[in-house]
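Step one of this worksheet: look at the structure below.
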Amino acid sequence: MLTEQDIRSLQAVLGEGKVFVDHETLEKYSSDMGGFCRKPSAVVKAFSVEDVSKVLRYCNQRRIPVTAWGAGSSLTGAVVTDNLILDLSNMDRILKIDTVNYYVHAEAGVVLDRLNKELERYGFFFPPDPASSFICTVGGAVAEGAGGLRCVKYGTVKDWVLAVKVVLASGEAVVFGEPLAKNRAGYNLAQLFVGSEGTLGVIVEVWLKIAPLPDARLRRIYAVFDDWRDAGNTIIEIRQKRIVPRMLEFFDRVGVEAANKFHGTNLHVGEAMLLIDIEEFTGKELEKLVSVLKHNNARVIRVAENEEEAEMLLQTRASMYLAIRATAKTVLVEDVCVPIDRILDYLEKVKQLSQKHGLTISMNGHAGDGNIHPVIFYDPENPDEVARAEKTVEVLVQFAIEVGGTVTGEHGVGLQKMDGLVKQLAAHNGIQTLYLMQKLKKVFDPNNILNPGKYIDVPWKSSESTSEHPTQDSGSSDPTAR
Ligand SMILES: Cc1cc2nc3c(=O)[nH]c(=O)nc-3n(C[C@H](O)[C@H](O)[C@H](O)COP(=O)(O)OP(=O)(O)OC[C@H]3O[C@@H](n4cnc5c(N)ncnc54)[C@H](O)[C@@H]3O)c2cc1C
């Protein structure tokens, strides 16, 4: 734990205006956007790689846990701590935009929307666009391996990371990867940091691939269905017809009604809605899509008539979670993700769980990736409701694993999905993969100061062990050691 002496030492090492222990600052960093809360003991704002090195070197020597902070938009508790927060948001320079080698070099604290605004001036973009892109940082997006709306066509952050500069727990700054179109030299350690959730090192700079803005007309379509099965079948048929939308999002009645209230809009509401972006190159793409929508009984097919309407529809999606949260006492956002051909089973399962447990569950999100987010409404002061919400999550997690999906499509593990991660690895990959991850963590962070107690920092349970598996502490019969 941090002592007063530690605070004084950090102030001495870093200089004025970088170490904060006042009530207001600590409160500000006390929760993430998923509602996970822990009050830090101190917040350090880094302005340079050197600052980050100094903090980590000191904390490593003193065994003080450090949690990197981008914008705190995590939904899983990954970013909350009762120890030291290291805020990277002031390291926000875009260092280079290379329009020949197609990459952008930026500091970790650059907000994604700002990055894209700047890239747009050169005719380029960085495609992964979490719905939090108005606030989240590139460092946070890489550390979370974030997905987003355009990922159905362009892939997630992992597909766009070329290299990262990382400050290791020891304080040493290292670059993994190169900003090259091809590079086969050594293990791909840059990718190890994608989805590392601040547990392997602090990302201070990134080199991200960029793409030319497509020379196509973007059409945005809002379709309304009276039966959610029709919307589900549309998703399947879009893929079977080899239509590749640039966005394919699902909303339900609860979501759109909340959005209408939140924004004062008047969007058509049915049992299920799809928001679809299609890039028109030949002029035939929209026609093909509309015929799929009609074939699946869409009651309303609205093609945005102008930029203003298109933007309004996008904002409806981007702020859907905030709109829903505004209508509920508390919500729990789920992130299970299923193979796309199981999307109807998934929607059905959620309907059943909602009825069985008497809970409102709103389904919204990335339908084209099998990653529609159930948002479970519950009253935290009602223990019975809390138990039912927890049971719902447990069954959903089990369902996702059984159908070959994942416990987290994009939000990551944090505190929320530690159990689920173990279950998925045990069922799909073999529990020895968790041992290997824990060994890797030790190589990078031998004193376990980087965001400890989360993610893969799980105690072993006998149910996941075979007779050969050790408890976490014993380390004596680790199967990966054989
Ligand atoms: C309204 C809303 C919509 C969202 N939509 C999406 C979505 O569509 N897709 C999606 O994937 N996620 C989504 N999220 C979740 C979240 O916004 C993303 O995971 C985002 O990438 C987190 O970025 P951040 O900068 O806020 O990171 P933070 O929340 O600050 O941190 C997240 C994790 O990354 C670590 N970290 C942060 N910066 C660094 C760094 N420089 N070096 C090392 N580790 C670091 C933290 O320690 C923590 O473990 C949404 C959240 C909200 C509130």
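Excluding same-chain neighbours fewer than eight residues apart, the aspartates and glutamates reachable from Lys439 by a Cα-Cα span under 14 Å are Asp457, Asp473, Asp478. Only Cα sites of segment 213-283 enter the Debye sum here, all with the same form factor; the resulting log10 I(q)/I(0) across q = 0.15 1/Å is -0.56, listed in q order.
Taking the C-alpha atoms only, the angle from helix 383-402 to the longest principal axis of the chain is near 80 degrees.
Taking other C-beta atoms within 10 Å as the exposure proxy, Glu348, Glu334, Glu120 rank Glu120, Glu348, Glu334 from fewest upward.
About its Cα centre, the dipole of the chain is roughly 800 debye, where the only charges are +1 on Lys and Arg Cβ and -1 on Asp and Glu Cβ.
Label segment 47-97 by shape, choosing from rounded, prolate and oblate, from the square roots a ≥ b ≥ c of the eigenvalues of the Cα gyration tensor; if a/c is under 1.5 it is rounded, and otherwise prolate applies when a/b is larger than b/c, oblate when it is not. Oblate. Simple point charges give the picture: +1 on the Cβ of Lys and Arg, -1 on the Cβ of Asp and Glu, and for segment 94-212 a dipole about the Cα centre of about 340 debye. Ranking Ala426, Met91, Ala71 by how far each Cα lies toward the positive end of the dipole of the chain (charges on Cβ) leaves Ala426 at the top.
State the dimensionless ratio Rg/Rh of the chain (Rg: radius of gyration of Cα atoms; Rh: Kirkwood radius).
Rg/Rh: 0.97.
Among Thr330, Thr3, rank each residue by its count of other Cβ atoms within 10 Å, from fewest to most, as a rough exposure measure.
Fewest-to-most Cβ neighbours within 10 Å comes out as Thr3, Thr330.
For segment 431-441, 3J(HN,Hα) computed residue by residue from phi via the Karplus equation (6.51, -1.76, 1.60; θ = phi - 60°) reads 5, 4, 5, 5, 4, 4, 4, 5, 5, 4, 4 Hz, glycine and proline entered as x. Under the rule a/c < 1.5 gives rounded, and otherwise a/b versus b/c splits prolate from oblate, where does segment 1-111 land using the Cα gyration tensor? Because a/c hits 1.5 or more and a/b fails to exceed b/c, segment 1-111 counts as oblate. The protection proxy used here, the mean number of other Cβ atoms lying within 10 Å of each residue, ranks peptides 107-117, 198-208 as follows, highest first: 198-208, 107-117. Here the 3J(HN,Hα) profile of segment 81-98, calculated from phi with Karplus coefficients 6.51, -1.76 and 1.60 at θ = phi - 60°, is 7, 9, 9, 9, 9, 10, 8, 9, 5, 7, 8, 10, 8, 8, 8, 7, 10, 9 Hz, Gly and Pro shown as x.
Lysines within cross-link reach of Lys441: Cα-Cα under 24 Å, excluding same-chain residues under 8 positions apart? Qualifying lysines at Cα under 24 Å: Lys54, Lys158, Lys165, Lys417, Lys423, Lys454, Lys461.
Computed 3J(HN,Hα) for segment 146-156, one whole-Hz value per residue from the Karplus formula 6.51 cos²θ - 1.76 cosθ + 1.60 where θ = phi - 60°, is 5, x, x, 6, 7, 5, 4, 9, 9, x, 8, glycine and proline marked x. Here the dipole of segment 1-159 is about 260 debye; that uses its Cα centre as origin and unit charges on the Cβ of Lys and Arg (positive) and Asp and Glu (negative).
Here the residues Leu450, Leu286, Leu168, ranked from fewest to most Cβ neighbours within 10 Å of their Cβ, fall in the order Leu286, Leu168, Leu450. Packing, as the average of other Cβ atoms within 10 Å across residues, places the peptides 289-296, 306-313 in the order 289-296, 306-313, highest first. Taken over the C-alpha atoms, segment 94-212 has Rg and Dmax values of 13.2, 40 angstrom.
No lab work stands behind these numbers, since they all come straight from the coordinates. Because the structure is predicted, anything quoted here is derived from the model rather than measured. Heads up, the Cβs are rebuilt from the backbone with ideal geometry, glycines too, and the neighbour counts pull from every protein chain shown.
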